[in-house]
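Accompanying notes for the structure given below.
Derivation of every value follows stated rules applied to the coordinates shown; laboratory data play no part. This is a predicted model, so every value here is computed, not measured. Positions of Cβ are backbone-derived with ideal geometry, glycine not excepted, and every protein chain shown enters the neighbour counts.
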């Protein structure tokens, strides 16, 4: 009797494993819980604006304004990251949610072949020891301003449809936040965070020859960083002048073209 029960249990266990394997083989791109990674080329535009009032009276009517009203400073670099998401296949339609994190060397850099003197007192003079007077700072030749995007992360919702059982076209919308490090010469630096709405699209296909749950994804993501203050640089430069106020801000956007892999491995429906 024990042998009969053992055979019955073994057959039942084999049937359960076989059923799970069949279900796993049936994952469509983006379906169920999935993990992934990607690499891409990231480009963007940064538009700076700096307003200064030497008497700190009213920055709405500043003494001087520097602003890139057309075009901007170009960001470019390589990025790579990871993503996790969950999706539902509803016939030919698709809905899901996805989180991502990416890092890279996306940056812009302004250089100069000669030193630049910043004279917040307006004199540009030196004292008797040959050192710069209070309020005068010299940026050595080389990199004048450098801004680098350190990382990006956020959450997006996805909607799409299946072109065929093994190919998913999807659009996405959500919010991404990026950390930027800005350096002015070698003495002044500031970290700020730019975040805003993000949209994108992707085409994902099964790599059945390797694994039925492995997918190749091609896509693009556009992010509007809105406007972020960069107050630390101006504050440090003018720290010696109590009556001088400088407000700096950056407006920008970025576009990332990506290629990556995703792997589906679990469907919550299998628990019921």
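Structure notes:
- Inter-label distance, nm, simple model (7 Å from Cα along the C-beta direction), residue 35/residue 49: 4.4 nm
- Potential extension, residue 110-residue 266 segment - 0.36 nm per residue separation minus Cα distance: 51.3 nm
- Distance between modelled label sites at residue 211 and residue 181, nm, 7 Å Cα→Cβ extension: 3.4 nm
- Label point at residue 163 placed 7 Å out along Cα→Cβ; residues across the stretch 196-215 whose backbone nitrogen lies under 17 Å: 201-208, 215
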